[in-house]
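Please read the structure below before turning to the comments.
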Amino acid sequence: MLQDQNYLRIPGPTPIPPSVQRAMAQTMIGHRGQETSELLRSIKPRLKKVFGTEQDVLIVTGSGTSGLEAAVVNAVKPLDEVLVIVTGAFGARFVKICEAYGIRVHTYEVEWGKAFAPIEIKEYLQSFPEVRAVFATYCETSTGVMNPIHELAAAVNEVSDALIIVDGVSCVGGVETRMDDWGIDILVTGSQKAFMLPAGLMFIAVSERAWDVIHSNPNRGFYLDLAKYRKDLANDTTPFTPALSLLFGLDQALALMEEEGLENVYGRHTLMKEMTREAFRALDIPLLTNDEDASDTVTAIQPEDFDAEEFRKVIKKEFGLSVAGGQERLKGKIFRIGHMGYCSPADVLQTLAMIELGLIKSGKNIELGRGVAAAQRIYLEKGENDR
């Protein structure tokens, strides 16, 4: 293997398009100058389309977790009651953040590898009439599950006026997202996943209903006070020093998404999911999730007759191919393949071919090409349907 070759197929950070890399290498400009204001003015309406909202999407220099914390500290006060739906490690992160701020947490646990059922959330919530917010994860990265966020608000609103707060870090930009139509009050994502950028930017949008709650909260923190970002973004600036190189990259990443067309972006992610899942079925290697719950951006594989961690080491050493391992209770039990952002069906086929060779190198008896052929058939069938 060439030492500088690296095939990144983890669910974030994801590969960066060359044109985005070039954009980020532009000469630095003053962050309070007219050029930066023009850049923000160009970006604002385009981010709204990705989020599916008429609200401004705030841009914060920070990780996706900073967005989760911002949602908590702005929308909820200490001793308030909240409901956190936990379908994996990142749902559990919401619990930890809330507890750090002295918020009273009711946790609804779902078996890892399965999506939540909105009707069950509605029934559970009826026992807690004082809940001020419901926290949920759109794509649970740790399990490869896509939760039915589009149905959540309607179910909750039948029994509660709680805010709907959603972690969309590992899927917004790669899957259909209609924040306003679905009744989401706060939606968070990060730059290093489907947005095809390095880590370092957090995007967060807030409904008018949630803004009313935020403005009535006197303790919104300092750096993560969303009211500051809203006020400054209205004037095409930011309250604190922005990550300008990442803004240059964001401008170009949005241009790539617009050139492809958002519906085509979403279709490509669905196709890559189906190709990946069909390949492992053909190889008779179990998947963690069922088809209905499966994420379009990351697939979790649960091997039964070989060691997931040893396999990851083999493909990294042989080919420079990086896939993710399991987290927390799934550590050592699964591996996860990211297929989002700057990733194509051709990349999926290449990844599957390396995985097949890695399986043989790991001692598993498989028929070479069986998984790749299954993925190729899905690609051809999808192509036929599109013509």
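The values are calculated or read from the model by the stated rules, or taken from the named source; none is laboratory data. Remember, it's a predicted structure, so these values are computed and weren't measured experimentally. Cβ coordinates were reconstructed from backbone atoms using ideal geometry, including for glycine residues, and neighbour counts include every protein chain displayed. The protein model used for the area step is the full one, side chains on, heavy atoms only, and it has no ligands, DNA or RNA in it. Shrake-Rupley method; radii C 1.70, N 1.55, O 1.52, S 1.80 Å.
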Could you list all residues from the range 17-47 that are closer than 30 Å to Phe135 by Cα, touching a helix residue (DSSP H, G or I) at 6+ places or on another chain (Cβ under 9 Å) and open to solvent by 20 Å² or more (accessible area, probe 1.4 Å)? Lys44, Arg46
Within the range 229-247, is even one residue open to solvent by 10 Å² or more (accessible area, probe 1.4 Å), among the aliphatic types (A, V, I, L, M) and under 30 Å from Ile337 (Cβ atoms)? yes
Let me confirm something: among Leu187, Leu246, Leu250, which residue is in contact with a strand residue (DSSP E or B) (Cβ under 8 Å, 6 or more places away or on another chain) and in a strand (DSSP E or B)? Leu187
Looking at the range 274-290, which of the residues that are within 20 Å of the chain's Cα centre (by Cα) and part of a loop (DSSP other than H, G, I, E, B) is surrounded by the fewest Cβ atoms within 10 Å (Cβ to Cβ)? Asn290
If you check Glu54 against the conditions, is it in contact with an Asp or Glu (Cβ under 7 Å, 6 or more places away or on another chain) and either buried (at least 21 other Cβ atoms within 10 Å of the Cβ) or at pLDDT 95 or above (or both)? yes
Residues satisfying the stated conditions in the range 17-53, i.e. of a type in the set (Val, Ile, Thr) and over 23 Å from the mean Cα position of the chain (by Cα): Thr27, Ile29, Thr36
One residue is enough: does the range 257-268 have a residue meeting the conditions within 30 Å of Asp212 (Cα to Cα) and among the acidic types (Asp, Glu)? no
Could you list, in sequence order, all residues of the range 200-219 that are in a loop (DSSP other than H, G, I, E, B) and in contact with a helix residue (DSSP H, G or I) (Cβ under 8 Å, 6 or more places away or on another chain)? Gly200, Ser207, Asn217, Asn219
Single condition Phe203 does not satisfy, out of (1) more than 17 Å from Ile121 (Cβ to Cβ); (2) surrounded by fewer than 24 Cβ atoms within 10 Å (Cβ to Cβ): (2)
Scan of the range 57-83 for residues that are among the charged types (D, E, K, R) and open to solvent by 50 Å² or more (accessible area, probe 1.4 Å), ordered by number: Glu69, Lys77
Among the residues of the range 291-312, is any at pLDDT 95 or above, in contact with a Gly (Cβ under 7 Å, 6 or more places away or on another chain), surrounded by fewer than 22 Cβ atoms within 10 Å (Cβ to Cβ) and of a type in the set (Lys, Arg)? yes
Qualifying residue in the range 144-167 (condition: open to solvent by 20 Å² or more (accessible area, probe 1.4 Å), touching a Cys at 6+ places or on another chain (Cβ under 6 Å) and either part of a strand (DSSP E or B) or closer than 26 Å to Leu39 by Cβ (or both)): yes
Which condition does Lys316 not pass, out of (1) touching a strand residue (DSSP E or B) at 6+ places or on another chain (Cβ under 9 Å); (2) open to solvent by 20 Å² or more (accessible area, probe 1.4 Å); (3) under 21 Å from Ser295 (Cβ atoms), if it passes all the others? (3)
The range 109-121 - residue that is at negative phi and surrounded by 19 or more Cβ atoms within 10 Å (Cβ to Cβ) and, of those, nearest to the chain's Cα centre (by Cα): Ala115
Set Gly64, Gly52: member being in contact with a Ser or Thr (Cβ under 8 Å, 6 or more places away or on another chain) and either at positive phi or among the aromatic types (Phe, Trp, Tyr) (or both): Gly52
